[in-house]
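The structure appears right after this line, and notes come after that.
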Amino acid sequence: MVKNKRLLILSTFYKNKGPIYDIPLDLLTQVSKPTEEDQEYVCLNRQVGIVIQLNVDSNNTNINTALGNRIYISADTSIFALHWIRALTMFKANKKVQNIP
């Protein structure tokens with residue numbers, strides 16, 4: 001779910017709880033499918049996997065991932081993965097257009 005320029009990853013098991021992850025989309029630099037190296041390193045299927053790369057500096061304590069500036073997400077289906085990759089790519093493209101003086 002996207003809300004207020006933030007990607008909220010919700011749990012399918014705990015529907016009454018808050019989001020599991022809260023990712024600020026202003027830091028979004030790239031969205032892609034996992035590479036072969038990603039697939040081996042984090043055991044993520046290319047068909048349902050999504051890789052989100054963020055522009056995170058070392059001083060930002062709000063965003064801390066064990067894998068650096070990359071977040072790996074597994075969608076429920078390949079169709080959902082494609083939907084999210086396209087939606088996040090459009091968000092990134094619109095963000096670039098809005099920053100042009």
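The values are calculated or read from the model by the stated rules, or taken from the named source; none is laboratory data. Predicted, not measured: the structure shown is a model, and the values here were computed from it. Quick reminder, even Gly has a Cβ in these numbers, built from the backbone with ideal geometry, and neighbours come from all protein chains shown.
Remarks
- Residue check for Pro19: touching a strand residue (DSSP E or B) at 6+ places or on another chain (Cβ under 6 Å), assigned to a loop (DSSP other than H, G, I, E, B) and modelled with pLDDT of 90 or more: no
- Among the residues of region 29-66, those identified as outside any loop (DSSP other than H, G, I, E, B), at pLDDT 90 or above and either acidic (Asp, Glu) or surrounded by 18 or more Cβ atoms within 10 Å (Cβ to Cβ) (or both) are Val31, Glu36, Gly49, Ile50, Val51, Ile52.
- Pairing residues of region 21-49 that are of a type in the set (A, V, I, L, M) with residues that are surrounded by 13 or more Cβ atoms within 10 Å (Cβ to Cβ) and part of a strand (DSSP E or B), at Cβ distances under 6 Å and at least 6 apart in sequence or on separate chains, gives Ile23/Leu7; Leu25/Leu7; Leu27/Leu54; Val31/Ile52; Val42/Tyr72; Leu44/Tyr72; Val48/Ser74.
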